[in-house]
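Please read the structure below before turning to the comments.
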Amino acid sequence: MAWDEWEQLKAKAASGQSTHMQLNQMPADPSGGTGTKDAWGDLRASQKDLSAIGKAAHDLFQDFERYSDHARVASLAAASGLASEGFALGGALSHVAERWVDQVQSLLDACAHISNHLRFTKNQHAADETYISTTLSSISTLDAGFDERKGS
């Protein structure tokens, strides 16, 4: 782009509109509805959704652990065979197999973390629900006692 062209573009941009700020936001009424909180679409995740994610992570953990071991054993056997025949590729393949083990462990740790965290979250949510329910029922009992005293 030539300097003159750049100057022309700057002048055109400057004359077209004044400097202003534009905020990114959702339109006032995206769905044509009432604009209530539900119309905007809160993030929701049901127990069914969370269970499916946890199960997928657990299944990946089990399957990948089993299948990755086959790849490790086959790679090490091939590396050993190549090295014994004098091929430098044997050492390189052995190095790759060692790194493979590290990467597999990282993936397995991540899958276990996801599965365990979702299980913990589910149990914690159930405990919170029990606590809230107990607290609210205690307040109802207390209110009933005050109502009885007021009436007498």
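List of remarks:
- Charge sum, other residues only, whose C-beta stays under 12 Å from Val101's C-beta, Lys/Arg counted +1 and Asp/Glu -1: -2
- FRET efficiency, Asp49 to Ala2 (Cβ-Cβ, R0 41 Å, nearest 0.05): 0.15
Read-outs: derived from the displayed coordinates by stated rules, not from any lab. Note that the structure is a prediction, hence the values are computed from the model and not measured. Because the Cβ atoms are built from the backbone with ideal geometry, glycine has one as well, and the counts that use them run over all protein chains shown.
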